[in-house]
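K.L.:
Got a structure here, written out as structure tokens. Questions coming.
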Amino acid sequence: MLVERLKKLSFKNFFILGGVLILKPFLIVPTYKGTRKTISTCNECFGKKHHGDTRSNAFRHALWNYLICEQCFEITGSIEKATEWSKKITDLHEDLSPNLKLAKEMDLHNNKIGRDLFAENHVVQLDHVEELQKMTRNAVKISSSEDIKAAKTELVYIED
């Protein structure tokens, strides 16, 4: 799946990704581990239904950011560095992936929810999957950028 995705990148986008990764090579493996764990967890919880602009996709984006932060925190020892890296890599993913404007905004919002959850709870033994599942059940269906802004700390989705 990762190799397929890399093959689809234009030379320019591949160069951009390489430039980001070469600056922090020690965070490549933790990012990969967080990504693999995200896909595995989402497949267990939702099957293949975590694609599209659904509640389960909102869960996936938040979990992905949480787990990248968690994995990178083990290396950096810094909440700020872990969350900055997660933002950088997942924002880059959104920039390199073709997506409609509202879907991109939704993904970026849900990414932030995951990073914020990590930053607020990294010290406690939070069951982040359970917490994100609760948030997913209470996710807000949106149809505009204004809806996303109004949702503030809630996961958002576009389609059922």
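The values are calculated or read from the model by the stated rules, or taken from the named source; none is laboratory data. Quantities reported herein were computed from a predicted structural model and do not represent experimental measurements. Glycine gets a Cβ as well: all are built from the backbone with ideal geometry, and neighbour counts include every protein chain shown.
K.L.:
List, please: which pairs have Cβ atoms under 6 Å, are six or more places apart or on different chains, and start with a residue in the range 62-85 that is of a type in the set (S, T, N, Q) and in a loop (DSSP other than H, G, I, E, B) and end with one that is modelled with pLDDT under 95 and surrounded by fewer than 21 Cβ atoms within 10 Å (Cβ to Cβ)?
P.N.:
Pairs that qualify, where the first residue is of a type in the set (S, T, N, Q) and in a loop (DSSP other than H, G, I, E, B) and the partner is modelled with pLDDT under 95 and surrounded by fewer than 21 Cβ atoms within 10 Å (Cβ to Cβ): there are none.
K.L.:
If residue 139 satisfies every condition in (1) closer than 30 Å to residue 17 by Cα; (2) in contact with a Lys or Arg (Cβ under 7 Å, 6 or more places away or on another chain) but one, which is the exception?
P.N.:
Tallying (1) closer than 30 Å to residue 17 by Cα; (2) in contact with a Lys or Arg (Cβ under 7 Å, 6 or more places away or on another chain), residue 139 fails exactly one: (1).
K.L.:
Let me ask another. For residue 98, which of the numbered conditions (1) under 24 Å from residue 16 (Cα atoms); (2) in a helix (DSSP H, G or I) fails to hold?
P.N.:
Result: residue 98 fails condition (2) only.
K.L.:
Here is a further query. Any idea how many residues of the range 143-160 are out of contact with any His (no Cβ under 6 Å at 6 or more places or on another chain) and in a helix (DSSP H, G or I)?
P.N.:
Counting residues in the range 143-160 that are out of contact with any His (no Cβ under 6 Å at 6 or more places or on another chain) and in a helix (DSSP H, G or I) gives 6.
K.L.:
Hey, any hits in the range 118-129 for a residue that's closer than 29 Å to residue 19 by Cβ, part of a helix (DSSP H, G or I) and either hydrophobic (A, V, I, L, M, F, W, C) or in contact with a Pro (Cβ under 8 Å, 6 or more places away or on another chain) (or both)?
P.N.:
Taking the range 118-129 first, the residues closer than 29 Å to residue 19 by Cβ are 118-119, 122.
Keeping just the survivors that are part of a helix (DSSP H, G or I) gives 118-119.
Add one more test, that the residue is either hydrophobic (A, V, I, L, M, F, W, C) or in contact with a Pro (Cβ under 8 Å, 6 or more places away or on another chain) (or both), and what stays is 118-119.
Scanning the range 118-129, I find at least one residue that is closer than 29 Å to residue 19 by Cβ, part of a helix (DSSP H, G or I) and either hydrophobic (A, V, I, L, M, F, W, C) or in contact with a Pro (Cβ under 8 Å, 6 or more places away or on another chain) (or both), so the answer is yes.
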